Structure formats: structure tokens, C-alpha cells
1. Consider D137 carefully, then state whether it is modelled with pLDDT of 85 or more and either open to solvent by 100 Å² or more (accessible area, probe 1.4 Å) or of a type in the set (D, E, K, R) (or both).
2. Only one of T69, T44 is modelled with pLDDT of 95 or more and over 14 Å from the mean Cα position of the chain (by Cα). Can you tell me which?
3. State which residue pairs qualify: first residue closer than 19 Å to F73 by Cβ and inside segment 13-38, second residue in a loop (DSSP other than H, G, I, E, B) and modelled with pLDDT under 95 in any location, beta carbons under 7 Å apart, and separation of 6 or more residues or different chains.
4. For residues in segment 44-81 being exposed (fewer than 13 other Cβ atoms within 10 Å of the Cβ) and of a type in the set (D, E), which is farthest from F22 (Cα to Cα)?
5. List, please: which pairs have Cβ atoms under 9 Å, are six or more places apart or on different chains, and start with a residue in segment 117-139 that is closer than 22 Å to L40 by Cβ and end with one that is among the aromatic types (F, W, Y)?
6. Can you name the residue in segment 4-43 that is in a strand (DSSP E or B) and in contact with a Leu (Cβ under 8 Å, 6 or more places away or on another chain) and, of all such residues, is most open to solvent (accessible area, probe 1.4 Å)?
Amino acid sequence: MFMGEYENKLDAKGRMIVPAKFRQQLNERFIITRGLDKCLFGYTIEEWQTIEEKLKTLPMTKRDARKFTRMFFSGATEVELDKQGRINIPSTLRQYANLDKDCTVIGVSNRIEIWDRAAWNDFYDESEDNFEEIAEDLIDFDF
């Protein structure tokens, strides 16, 4: 399971060090793609295969299903950790997520997310204000 929040930087070539806590779970190769809320999602190869199987069941006759799968799969790329624990994020994905230099990498259960740091901070501030309301509406158990 992925969890935690880490501040990071992209270098001039679009490379980013993957937090050490995530490297072992991701293995040497994993998939990154366009995520929701203008961030990138990162999945292990095994988790990606599970998601792929689920998305294959979406009806091609539904316009939104076609749009989503096109966006999700067309942005997907397999990345490989180099000896320094870095990945090279393709320019199309950097543009999609507005990644320039400062970024935040978070663990979200079965995936990691890569955010532009300012975008993450804005999202966090906005969500923090109604975190308890969201929990009450979505979660049916006590902490």
C-alpha cells in the first residue's frame, strides 16, 4: 500500500527521484498516466493489468467510456528507475500536470500521484476545509 507525502523536484531533463519508500513497491518498472484533477497516476505493472481488465469491460457504445479510456491509455507510459532512483516523465505528461520544477508525490493506497506542488497545496487547502464533511458523507465507520 502506498501512503505518505513527499516534496520533490524535476530536473531540466524532466527526471524526478521517486521517493525511496515507494521504489521497492513499484519495482524497477511501472506505469504512469494522466490522472484526475490534473495530476499523474503511477501504478505497479500488476495493478495496471488489473485496471486494464476493468476498463476493458466498459461499453464502447458509451461516449464517456470511450473518452475516458482514450485519455487514460493514450497518456500511459512505462517508466524505469535509473541507478539514482529517478524516472523520466515524458513532456506530454509534464504538460498535462503542469509539472515544471517543484512537485509533490503522494501515496494513495494502490497508486502514487505526482502533482505540481502549488496545485497540490491548493487542492489540499481546499479539501482540508471540508475534510470532515466529506468523511461523513462517504465513510460509514468510526475511526
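The values are calculated or read from the model by the stated rules, or taken from the named source; none is laboratory data. In this text the structure is predicted, and so the values were computed from the model without any measurement. Positions of Cβ are generated from backbone atoms using ideal geometry, with glycine treated the same way; all protein chains shown enter the neighbour counts. Surface areas here come from the heavy atoms of the whole protein model, side chains and all, with no ligands, DNA or RNA. Shrake-Rupley method; radii C 1.70, N 1.55, O 1.52, S 1.80 Å.
1. No; evaluated as a whole, the condition is false for this residue.
2. Unique residue meeting the criteria: T69.
3. Going by the 7 Å Cβ cut-off, there are no qualifying pairs.
4. Step by step, filter segment 44-81, then rank; the result is D64.
5. Within 9 Å, the pairs are N121/W115; F123/W115.
6. Across segment 4-43, the extreme among qualifying residues is R29.
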